[in-house]
Each structure stands twice: as C-alpha cells, then as structure tokens.
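The values are calculated or read from the model by the stated rules, or taken from the named source; none is laboratory data. All values reported here derive from a predicted model rather than from experimental measurement. Cβ placement follows ideal geometry from the backbone for every residue including glycine, while neighbour counts extend to all protein chains displayed. The accessibility values were calculated without ligands, DNA or RNA, using every heavy atom of the protein model including side chains. Shrake-Rupley method; radii C 1.70, N 1.55, O 1.52, S 1.80 Å.
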Amino acid sequence: MISGFQSLIKWPVAMLLAVFVLTGCNFFENEKVVGIDGQTMGTTFSMRWVDLNEDRINDIRNRAGKVLATVNQQMSTYIPNSELSTFNKLPAGSEMEVSDALAAVVEQSLTISERSGGAFDVTVGPLVNLWGFGPNGRIEKAPTEAEIASLKERIGYQKVEVLKDPTRLRKLGQQYVDLSAIAKGYGVDQLAETLEAEGIYNYLVEIGGELRAKGLKPDGSHWRIAIESPASMERSIGRIINVKDTAIATSGDYRNYFEEGGVRFSHTINPETGKPITHRLASVTVLMPTCAEADALATTLMVMGENRGFEFAKEEGIAAYFLYKSEQGDTFIEQATAEFEAFVQEGE
C-alpha cells in the first residue's frame with residue numbers, strides 16, 4: 001500500500017505523480033474563477049470555483065481550514081492523540097467509539113480490501129513504517145526477512161471490524177490501521193462538500209495532486225487536467241483529460257523511494273510479500289465519482305501491477321490509466337481502460 005504525506009499522507013515530499021490544472025480564459029463578464037491555496041497534510045491544497053461573489057472567499061478559506069483540521073484529527077497517524085492513533089495504541093481485542101467519519105472511511109477501506117483480495121489493506125502500516133515510509137522516518141538499510149516476517153503476523157484487514165450503535169472500531173489482534181491511501185482523497189471530498197454546502201457546483205479542488213471536479217468553467221468548457229509523464233525527473237505533461245463531475249487520484253513509485261546498494265525500494269508495499277513492489281508499473285491514474293475511492297483504487301492497482309491490475313480494472317469497470325516500463329526499461333508504455341479513454345484529450 002502506498003505510504004503518504006505527513007499527517008494523513010505520510011512522506012512530506014512533492015506529489016508522486018503531479019497533476020497540473022489547466023485553466024481557461026475568456027470568462028463571462030461577471031462570472032469568474034476564484035480560489036484559495038494553502039498548506040495541509042505535509043503538502044499543498046487548492047480550491048478553485050466559479051463565482052459571482054468574491055466576498056465569501058475568506059469565509060470559505062476558514063471553513064476549509066476547519067474541515068482539514070478535523071480530518072487530520074480523525075485519521076492522521078502522525079498526530080499522537082488523533083482518533084486513529086488512539087485506536088492503534090489499544091491492545092489486541094480492544095474496541096473504541098469513533099466518529100462516524102472515521103468509521104465510514106475504515107468501512108470503505110475494508111470493502112475495497114475485500115474486492116481486491118487484500119491488495120489494498122489498511123493494516124499494512126507496520127510494514128510501511130518498517131521500510132522507512134512512515135512516522136518513524138527514513139531508513140538506510142533494508143529490513144531483514146525475520147523483521148518482515150514478525151510484522152506480517154499483524155497484517156490482515158479481516159481482523160478489523162466496524163461496529164454500530166454506538167459507532168466503534170474493533171481489532172481482533174495487534175492491528176495498526178493506516179488510512180494514508182484513502183484519507184487524502186476523503187479530504188478532497190470534504191472540500192468539495194464544503195463548496196456544495198455554499199451552493200457552489202462548478203469547482204476543482206485538490207490536495208497534493210488528488211482532485212475532484214464538478215461542473216464547467218465560465219466559458220462553458222471542461223476543467224482540463226494534465227497527468228505528468230515519469231519519463232524523467234523533470235516534470236512533463238503526459239495525457240490531458242477533460243473532466244466534469246469526477247475525481248482523480250494517482251499512485252506512482254518513481255518519486256518516493258530509497259536506494260541501497262544500487263537497488264531502489266519503492267514506497268508502495270505489497271501486503272502479501274511484506275516488501276516493496278518489484279513489477280514494471282510506474283504509475284496509475286484512476287477516475288471515480290469520489291476521490292476517496294479513486295485514491296484507494298489507484299493504490300490497489302499499483303500494488304497489483306500492470307497485468308493483474310489492468311485485468312482487475314477492466315473487470316470492475318474502473319476508469320484507469322497505466323504507465324509501465326518496457327522490458328528494456330528505457331521507455332514507458334501506456335495502457336488505459338475504455339472507461340478512462342472517454343475522458344482523454346490528447347494535448348500538445
């Protein structure tokens with residue numbers, strides 16, 4: 001499972017696969033795109049929306065700040081007294097009352113874990129931490145097989161339960177829940193709902209490269225998103241997507257890693273092996289109605305790899321775009337499901 005940025009998303013670096021917002025011009029006279037930018041979760045966020053009233057920008061800024069602070073306090077593994085951190089510290093067999101939001105995100109995670117046969121697993125956190133992509137910070141030497149084996153006993157999404165009346169979480173063993181592969185997307189959804197609560201239905205919101213778009217720009221055109229190509233360490237545009245009423249998330253392995261003895265270890269951990277992925281898939285971009293689901297599914301497909309992941313995406317009807325290395329390793333090959341192609345526009 002992918003590690004994330006600080007607080008929710010656990011490694012404070014630039015976006016793993018940058019997604020650039022391509023704004024338009026020629027707006028109607030009284031209607032324009034306005035917005036705010038800020039820092040959150042060890043990365044940046046932005047909100048853009050179409051509005052006639054610029055007076056509410058500061059109010060929306062304050063509302064967004066409170067929303068993001070709440071999500072962090074519920075789901076961060078970096079905040080010692082967050083709901084999730086408190087649950088993770090409980091002994092085996094414990095249960096704890098939690099917010100409806102935390103329970104809902106864990107429940108959605110468990111559903112995706114089941115659908116994917118465990119490729120997505122919210123209990124993989126101990127292994128992510130062991131490999132140096134968690135709150136404990138970087139490592140310089142890969143863990144031993146014995147260290148990996150000892151922690152694998154704690155892995156298993158089936159050992160975490162969501163209970164109702166009252167809402168609570170239960171762990172059957174010494175499970176440690178890590179929501180970094182879904183909580184950032186959930187944060188994007190919460191920002192979108194903040195705008196919709198204000199009667200705003202034409203917007204593009206983003207946290208660290210995960211986005212959700214709705215409606216159109218003032219000139220009647222779609223929001224346009226460019227997906228970064230991993231062909232070099234310098235960012236360059238790969239594919240351009242026209243988006244409306246969808247969320248977008250990307251998982252990639254080429255920016256967040258460590259090296260030992262010339263071997264590169266990805267931050268994406270396979271729960272089955274307990275080790276970083278070793279296949280040729282470099283990145284996956286997923287489009288879904290909500291960003292939480294897109295975020296989790298991008299990680300799922302990244303863990304599965306180019307073959308199994310693509311077949312799973314086709315079977316599940318997932319709009320997904322894959323970039324993987326050629327056998328020689330000197331070029332990248334792209335592959336997309338039919339659902340994804342409907343959004344694509346070739347760019348310059």
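To put it simply, the accessible area of the range 164-229 at a 1.4 Å probe is 42 percent carbon and sulfur. The Cβ shell under 12 Å around C291 holds other residues with a net charge of -3, Lys and Arg each +1, Asp and Glu each -1. Once the Cα-Cα distance is subtracted from the 0.36 nm per residue extended length, the E311 to E114 segment shows a gain of 69.3 nm. Surface composition of the range 41-128: carbon plus sulfur atoms hold 49% of the accessible area, using a 1.4 angstrom probe and ignoring ligands, DNA and RNA. At an R0 of 35 angstrom, the distance between the Cβ atoms of E97 and K141 translates into a FRET efficiency of 0.30.
Only aspartates and glutamates eight or more places from K325 in sequence, or on another chain, were considered; those with a Cα closer than 18 Å are E228, E234, D253, E306, E311, E334. In this label model, K66 and D245 are separated by 3.0 nm, measuring between points 7 Å along each Cα→Cβ vector. For the set K214/K314; K159/K184; K164/K275; K89/K214; K32/K66, the pairs lying more than 28 angstrom apart at their alpha carbons are K164/K275; K89/K214.
The slack in the chain from A342 to T86, taken as 0.36 nm per residue of separation less the alpha-carbon distance, amounts to 87.8 nm.
Extending 7 Å from the Cα toward the beta-carbon at both D165 and Q39 defines two label points whose distance is 4.7 nm. Between T273 and N58, the modelled label-to-label distance comes to 5.4 nm, taking each label 7 Å out from Cα in the direction of the beta carbon. Local charge for N58 was computed over the other residues whose Cβ lies under 14 Å away, with Lys and Arg +1 and Asp and Glu -1, and equals -2.
Accessible area per residue for the range 33-167 is 46 Å², calculated with a 1.4 Å probe on protein heavy atoms, without ligands, DNA or RNA.
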